[in-house]
1. Debye calculation, C-alpha points only, no solvent: report log10 I(q)/I(0) for the chain at q = 0.08 Å⁻¹, in the same order as the q values.
2. Can you give me the C-alpha center-to-center distance between region 19-97 and region 425-467, rounded to a whole angstrom?
3. Determine, for each peptide in 306-313, 212-219, the mean count of other beta carbons within 10 angstrom over its residues, then list the peptides with the highest first.
4. As I understand it, the value is the acute angle between the Cα axis of helix 409-421 and the longest principal axis of the Cα atoms of the chain; what does it come to in degrees, rounded to 10?
5. Add -39500 (n - 2.57) for each DSSP H run of 4 or more in the chain, then divide by its residues: what number comes out at 222 nm, to the nearest 500 deg cm²/dmol?
6. Mind checking the log10 I(q)/I(0) for region 430-499 at q = 0.13 Å⁻¹? Debye, one equal scatterer per Cα, no solvent, two decimals.
7. Can you give me the angle between helix 439-454 and the longest principal axis of the chain, using Cα atoms only, in degrees from 0 to 90, rounded to the nearest 10?
8. Once label points are set 7 Å from the Cα along Cα→Cβ at both residue 147 and residue 31, what is their separation, rounded to one decimal in nm?
Ligand SMILES: Nc1ncnc2c1ncn2[C@@H]1O[C@H](COP(=O)(O)OP(=O)(O)OP(=O)(O)O)[C@@H](O)[C@H]1O
């Protein structure tokens, strides 16, 4: 082999970053072999995003260099422009693509731009031809004139990847995918991973940040493991069992959580009849004490709308809701909360978090009345409870006074789940509850949901992760176009079955 062939595609040397006294990334050094998929793994708060942001030049490193394509770059001096020039291409979870524009327009935006002629007029025929060439190069089945939003989720992400890589020669540079499959249904995940694998086989070096271990086993040649900001190991995942990998990531084994079995002969807690709200309905539901019921369905099937209408965010146009046999009117979140409903929304940043406020404040907004006594606010008690929640929910923070937005994404999610479960709700509504949450805390959250329902409550869990639903639910209801098209009981519950029903393959099985 020549020196060129042996040289790593990326060498990371001595990278460090502290936030105050918190060493988020501590002297991390590794090499990435070219043409491979490297998973960047670690528990919540282990430093993955901070490391990626330093490579992208959006977070200033304290120390460290990278070697790429024969040049050495200082990370404290990195900027987004330098990162792009060095061949580092990023595709984030929230793709910056535009569903209402065409594929060709999406491929032109943000890069070299549209080809222009005299007077700055856009040359559409050339833009289309170039888009067609890019689609072909990346093996994406789409037409340049198609609206991006008409494509499936996986192909939309592939367009974002093609856009990020379009100015690189075949196999040049590094493609960095930051949790690209969050909220993608299973079949779409498989399509996207196959495309990533194809790119690697053609020589592309890829860094994949993910919490989903099945993806690591499916596509990664190598895994870089971070714990508390330090590099703890580099392994070939295929040489490990799932449990070995979990232990390496979070430093301990994780117990599988199984449903405790809310029985159909237990008393009925929640009854919904003919609920119609926005894109949902009419929907009937009957939940028995102790049940965890999953809501599956493709993007746009109405999963989130159903939960939102049960929490009074989305006004119901028709229908009746009974809680413990008594009729309840849920026309506002305040009323829903009073009635004993709790809701962890999918979109934490917009709907749930107070990013600038402390962790304590974010966790106690749901129970503020507990801390008012005789005109005084019990600050010490609030703090003591917050400290306890940190332990119960394995939230990694320096202190409960930290602003929520200084926590890693997964830890913010745990804080919002803690906020709601601490109210001992009667009906727990969870929308994508383990989004961005690591394998350890995920099992912990499942366990807490189980525990929350054991005293006679019920939980409705909407998730795009059919494996998650199959693992934790007593039964799963599948939504299509706002209606329940099937119910899968525990003894027949597999992710495959959920996916098939969600896509409308096979029989409809309305219970
Ligand atoms: N802007 C910030 N201010 C203060 N501390 C921060 C900031 N960003 C990150 N941190 C801290 O740095 C550490 C690493 O966080 P980072 O977001 O890199 O973790 P992560 O591995 O990406 O986690 P997750 O899997 O939850 O996304 C955490 O302790 C976090 O609280």
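Every read-out reported here was derived from the displayed coordinates using simple, explicitly stated rules and does not represent laboratory data. Just so you know, these numbers come straight off a predicted model, no measurement behind them. All Cβ positions, glycine included, derive from the backbone under ideal geometry; neighbour counts span all protein chains shown.
1. -0.55
2. 32 Å
3. Numbers: 306-313: 23.9, 212-219: 18.8.
Result, highest mean Cβ count within 10 Å first: 306-313, 212-219.
4. 0 degrees
5. Values: 18 runs with 169 residues, N = 511.
After summing the helix terms and dividing by the residues of the chain, the value is -9500 deg cm²/dmol.
6. For region 430-499, the Cα-only Debye profile gives -0.38.
7. 10 degrees
8. Reported label-point gap for residue 147 and residue 31 is 5.0 nm.
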